[in-house]
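A.B. asks: Take this structure first; my questions come after.
The values are calculated or read from the model by the stated rules, or taken from the named source; none is laboratory data. Since this is a predicted model, take the numbers as computed values, not measurements. Heads up, the Cβs are rebuilt from the backbone with ideal geometry, glycines too, and the neighbour counts pull from every protein chain shown. Remember, those area values only see protein heavy atoms, side chains included, never the ligands or the DNA or RNA. Shrake-Rupley method; radii C 1.70, N 1.55, O 1.52, S 1.80 Å.
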Amino acid sequence: MEANEIIHQTVRLKIMSALNTANEAMEFTRLKSLSGATDGNLGSHLNTLEGAGYVTVEKDFVGKKPRTRVTITKAGKQAFARHVAYLRDVLEGASTGDAS
Amino acid sequence: MTISPDQAAAALKDIETVAARSNDLKSYAIGAPILIMWGIICMMGYGAGAISPAYGVVWFPLSAIGAAATFFLARRAKRGADGRIGSRIGWTWGALIVFYVAAFAVLRPTEPNQFAAFPALLVALSYALMGIWTSRRYIVLGIAVAAFTLVGYFALAPFFSLWMAVVMGGGLVLGGLWLKQV
């Protein structure tokens, strides 16, 4: 098992954790609050995750207000689950003295 | 890419923190409209009681409308991934209403202020319990509702209904808006 370099970056890890927990479309503003990122920073990380096929980004209007909603994909959920399993393996390896 | 055990532990902690906060926000998004709706119902019900205790009967249709609307709002959340939390909120309110009717049938209060204070204390208890088991902001709401109710009941008895219409009703609306602000 290997670390997922795309997901492991701090902000992207928080984005994926939030979306994985929500398991539904999440608005940009809420994702910004959860990840602690700025607008530009969050947009950039979402582009990376979208490029990897881990999230989908939808833009529409509610009345006259623009709205951006982000959803985790099936591939994103699987990649996130694998990365979390890898992190747990690293910790368990350390606790049993198998860390390499 | 190699990740050290310390980095892995820090990453897992970040994941847990964000997941817990994400659940909190989800719960607040479901609870906020329900809270605002009950705030408006309290304003109408207690407001009617403040005009005349005889108008207290408006609580029967208001409670029925509130219960139905609560189930509707909870079911609407159930259509999304919020189903577990949404249905819990719906069933919690349903259980409270059944308990409220049963407790009145057994205890048979005689004072109008007792009729008015009891459901408010019940709501306070339910929010405190929700806060203890799920999201912390509900604890603050529970304490505020209980405090306003007890202050009004013991210190402002002649104006209790008016107090509850303004402070309790307004407080629940503000509480709902507060939950939406996160």
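A.B. asks: Going through segment A:21-48 one residue at a time, which ones are within 19 Å of A:Val62 (Cα to Cα), open to solvent by less than 60 Å² (accessible area, probe 1.4 Å), facing chain B (nearest Cβ under 9 Å) and not small (Gly, Ala, Ser)?
C.D. replies: Answer for segment A:21-48, where residues must be within 19 Å of A:Val62 (Cα to Cα), open to solvent by less than 60 Å² (accessible area, probe 1.4 Å), facing chain B (nearest Cβ under 9 Å) and not small (Gly, Ala, Ser): A:Glu24, A:Met26.
A.B. asks: Let me ask something additional. Would you confirm whether any residue within segment A:66-75 is under 19 Å from B:Arg21 (Cβ atoms), open to solvent by 60 Å² or more (accessible area, probe 1.4 Å) and touching a helix residue (DSSP H, G or I) at 6+ places or on another chain (Cβ under 9 Å)? Explain how you work it out, then say what you get.
C.D. replies: The first filter runs over segment A:66-75 and keeps only residues under 19 Å from B:Arg21 (Cβ atoms), leaving A:69-72.
So of that shortlist, the ones also open to solvent by 60 Å² or more (accessible area, probe 1.4 Å) come out as A:69.
Okay, now just the ones that are also touching a helix residue (DSSP H, G or I) at 6+ places or on another chain (Cβ under 9 Å), so A:69.
Yes, some residue in segment A:66-75 is under 19 Å from B:Arg21 (Cβ atoms), open to solvent by 60 Å² or more (accessible area, probe 1.4 Å) and touching a helix residue (DSSP H, G or I) at 6+ places or on another chain (Cβ under 9 Å).
A.B. asks: For segment B:17-34, what are the residues that are more than 8 Å from chain A (Cβ to nearest Cβ) and more than 30 Å from B:Ala68 (Cβ to Cβ)? Break it down stepwise before answering.
C.D. replies: Going residue by residue through segment B:17-34, those that are more than 8 Å from chain A (Cβ to nearest Cβ) are B:17, B:20, B:24, B:27-34.
Scanning segment B:17-34 gives B:Thr17, B:Ala20.
A.B. asks: Moving to a separate point now. Please identify the pairs in which a residue from segment A:63-85 that is more than 17 Å from A:Gln9 (Cα to Cα) has its Cβ atom under 9 Å from the Cβ atom of a residue that is open to solvent by less than 30 Å² (accessible area, probe 1.4 Å) and in a strand (DSSP E or B), counting only partners at least 6 apart or on another chain.
C.D. replies: Every condition considered, the pairs that remain are A:Arg69/A:Met26; A:Val70/A:Met26; A:Val70/A:Val55; A:Thr71/A:Met26; A:Thr71/A:Val55; A:Thr73/A:Val55.
A.B. asks: If you check A:Ala22 against the conditions, is it modelled with pLDDT under 95 and in contact with a Lys or Arg (Cβ under 9 Å, 6 or more places away or on another chain)? Explain how you work it out, then say what you get.
C.D. replies: Working: modelled with pLDDT under 95: yes; in contact with a Lys or Arg (Cβ under 9 Å, 6 or more places away or on another chain): yes.
So A:Ala22 passes the test.
A.B. asks: Which one of B:Ala117, B:Ala95 is part of a helix (DSSP H, G or I) and modelled with pLDDT of 85 or more?
C.D. replies: Sole residue among the options that is part of a helix (DSSP H, G or I) and modelled with pLDDT of 85 or more: B:Ala117.
A.B. asks: Considering segment A:14-26 alone, what residues qualify as being out of contact with any strand residue (DSSP E or B) (no Cβ under 9 Å at 6 or more places or on another chain), of a type outside the set (D, E, K, R) and in contact (Cβ under 8 Å) with a residue 12 or more places away in the chain? Outline the logic, then answer.
C.D. replies: Filtering segment A:14-26 down to residues out of contact with any strand residue (DSSP E or B) (no Cβ under 9 Å at 6 or more places or on another chain) leaves A:14, A:17, A:21.
Subset that is of a type outside the set (D, E, K, R): A:17, A:21.
Listed by number, the list holds a single entry, A:Ser17.
A.B. asks: Looking at A:Gly43, A:Gly53, can you tell me which residue is at positive phi and either more than 10 Å from the chain's Cα centre (by Cα) or small (Gly, Ala, Ser) (or both)?
C.D. replies: After ruling out the rest, the residue left standing is A:Gly53.
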